[in-house]
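I have placed the structure first, in the form of structure tokens, so that the comments after it can refer back to it.
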């Protein structure tokens, strides 16, 4: 991919070895979106991709935060429980 160093940056030409070839393929579109995202975030370098062995283990950690709310007994006046039984036709 060739970009012209100007304000705004101008897309000059591209080539990819995928089926789309010299046209604008999805690889270039994804690369342009990713570059724009890094620019918006103020990143000057691409962040490293960490493998699973380089990060902290996650199997003993809950996936979501569970919030338990206690309700005083005086607020509960009736509990209705029902069981949905599918009809077999």
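Taking every residue in the stretch 32-59 that is without any contact (Cβ under 8 Å) to a residue 60 or more places away in the chain and on the phi < 0 side of the Ramachandran plot and pairing it with any residue that is assigned to a loop (DSSP other than H, G, I, E, B) and exposed (fewer than 10 other Cβ atoms within 10 Å of the Cβ), at least 6 positions away or on another chain, the pairs with Cβ-Cβ distances below 8 Å are 38/46. Within this structure, residue 66 fails the test of being outside any helix (DSSP H, G or I), out of contact with any helix residue (DSSP H, G or I) (no Cβ under 7 Å at 6 or more places or on another chain) and at pLDDT 80 or above. On the stretch given as the stretch 22-63, residues that are within 18 Å of residue 10 (Cα to Cα) and assigned to a loop (DSSP other than H, G, I, E, B) total 4.
The values are calculated or read from the model by the stated rules, or taken from the named source; none is laboratory data. On a predicted model such as this, the values are computed, not experimentally measured, just so you know. All Cβ positions, even for glycine, are placed from backbone atoms using ideal geometry, and neighbour counts span all protein chains on display.
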